[in-house]
Amino acid sequence: MKIAAVSDLHLDINRNYPVLRVLKDEVEKSGASYLLVAGDITEDFRLASATMKELDENSSFSVLYVPGNHDLWSPEPSRYKIDYIYSFFKDDERCLSGKEWVDGDVAFIGDVGWYDYSFGNHSRFTDDMFEKMSYMGRTWQDGIKNPWTRDNRRRCSLQLDSIENSLKRVKDKKIITVTHMLPIRDFTVQDARPEWEYFNAFLGSTSFGKMFEDNKVCYSISGHVHYRKEVEKSGVNYICPCLGYYSEWKFAKGHETDLLYHIRASLRYFEI
Ligand SMILES: [Fe+2]
């Protein structure tokens, strides 16, 4: 079975580019049976779900996805609370949150994941500082837009429990996990800017990677960080296939506005 994976399409921010059309054409040409989307589709849960449904129904491949932190932000905070939005995703058949998708001997599981500050630099910052979600004049937007951030560690623990329960239910299958948040430190921002020793705290949790390795997961797809990387660790193939914001494409000299280049650079394929 051939699988395609991508993340962080940000269809609203990238609205001036025909992301879905180019993505659909590329994945169809590859002959993949599934496209996995690891979150940050839009900033409106209704549009995220509708877009994945449309892509699934109008292509030669099946689409499975998880929400990202942006998909969980409320488009109308007074009307749609986080519990409603998360339940909406759990009820969406193409969304892996709270359920498993089994195809023969392959099982797809996943959810948004969350963060517990384990990727932050704890020799420089205290828990109280991480709880503020703000540093050097910059505020991590989940802290404003998602009430889950009032207790990030508990939310991360709930996500770990849910994914662990799924892992137990499909333990005899070849398992592919999809989380928006990062499962390994290798994918965090590794540059010299000191603020990332702080903001890496909000990118994921080491506990996801340990769980995936303990449960012999074959492939782990994640997103969130907008860097494209892959690494094999302890038998797990970790892939971070982010498209990211069009404004970040400027770092690829000569390809600043080349959507096809960035779709091809972010999409990853594997056989299982
Ligand atoms: Fe993103």
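Where a number appears in this text, it was derived from the coordinates with a stated rule and is not lab data. A quick note: this is a predicted structure, and the numbers were derived from the prediction, not measured. So basically every Cβ, Gly included, is an ideal-geometry build from the backbone, and we count neighbours across all protein chains shown.
Just a few scattered comments:
- Overall, the chain carries a charge dipole of about 240 debye about its Cα centre when +1 sits on the Cβ of Lys and Arg and -1 on the Cβ of Asp and Glu, all other atoms neutral.
- Residue-averaged 222 nm ellipticity for the chain, from DSSP H runs of 4+ at -39500 (n - 2.57), nearest 500: -9000 deg cm²/dmol
- For the range 2-271: relative contact order, % (alpha-carbon pairs under 8 angstrom, 6 or more apart): 23
- Low-density loop cleavage sites - trypsin sites (Lys or Arg not before Pro) in the range 205-272, where at most 15 other Cβ are within 10 Å (DSSP): Lys216, Lys253
- Summed residue charge, Cβ within 15 Å of Gly137's Cβ, Lys/Arg positive, Asp/Glu negative: +2
- For Asp161 and Lys2, a Förster radius of 35 Å and the Cβ-Cβ distance give a FRET efficiency of 0.65, rounded to the nearest 0.05.
- Size of electric dipole in the range 97-228: Cβ of Lys, Arg +1 and of Asp, Glu -1, about Cα centre, debye, nearest 20: 140
- As a rough footprinting exposure proxy, the listed residues Leu259, Leu9 were ranked by other beta carbons within 10 Å of their own, and the order from fewest upward is Leu259, Leu9.
- Relative contact order [Cα under 8 Å, 6+ residues apart], the range 77-222, whole percent: 33
- Here the calculated FRET efficiency for Glu131 and Lys216, from their Cβ-Cβ distance with R0 = 35 Å, stands at 0.50, rounded to the nearest 0.05.
- Think of the chain as a dipole: +1 on every Lys or Arg Cβ, -1 on every Asp or Glu Cβ, centred on the Cα centre; then among Ser162, Met133, Pro75, Met133 lies furthest on the positive end.
- Cross-link pairs beyond the 25 Å C-alpha cut-off, checked among Lys174/Lys229; Lys2/Lys250; Lys233/Lys253; Lys90/Lys132: Lys2/Lys250; Lys233/Lys253; Lys90/Lys132
- Theoretical gain in end-to-end length, Lys174 to Lys250 [0.36 nm per residue, Cα-Cα removed]: 23.6 nm
- Calculated diffusion of the range 2-271, Stokes-Einstein form, Kirkwood radius summed over Cα pairs, 20 °C and 1.002 mPa s, µm²/s: 115
- Relative contact order of the range 1-157, taken over Cα pairs closer than 8 Å and 6 or more residues apart, is 18 percent.
- Rounded Å value of the spacing that divides the Cα centres of the range 188-202 and the range 226-272: 20
- From least to most packed, judged by other beta carbons within 10 angstrom and beginning with the fewest, Met129, Met136 follow the order Met136, Met129.
- Of all DSSP beta bridges confined to the chain, the antiparallel ones make up roughly 40%.
- Dipole axis of the range 2-271 (+1 Lys, Arg; -1 Asp, Glu on Cβ), positive-most option in Cys242, Val27, Ile184: Ile184
- Ranking of Thr126, Thr179 by neighbouring Cβ atoms within 10 Å, starting from the fewest: Thr126, Thr179.
- Compactness of the range 92-188, expressed as Rg and Dmax over alpha-carbon positions, Å: 15.9, 50
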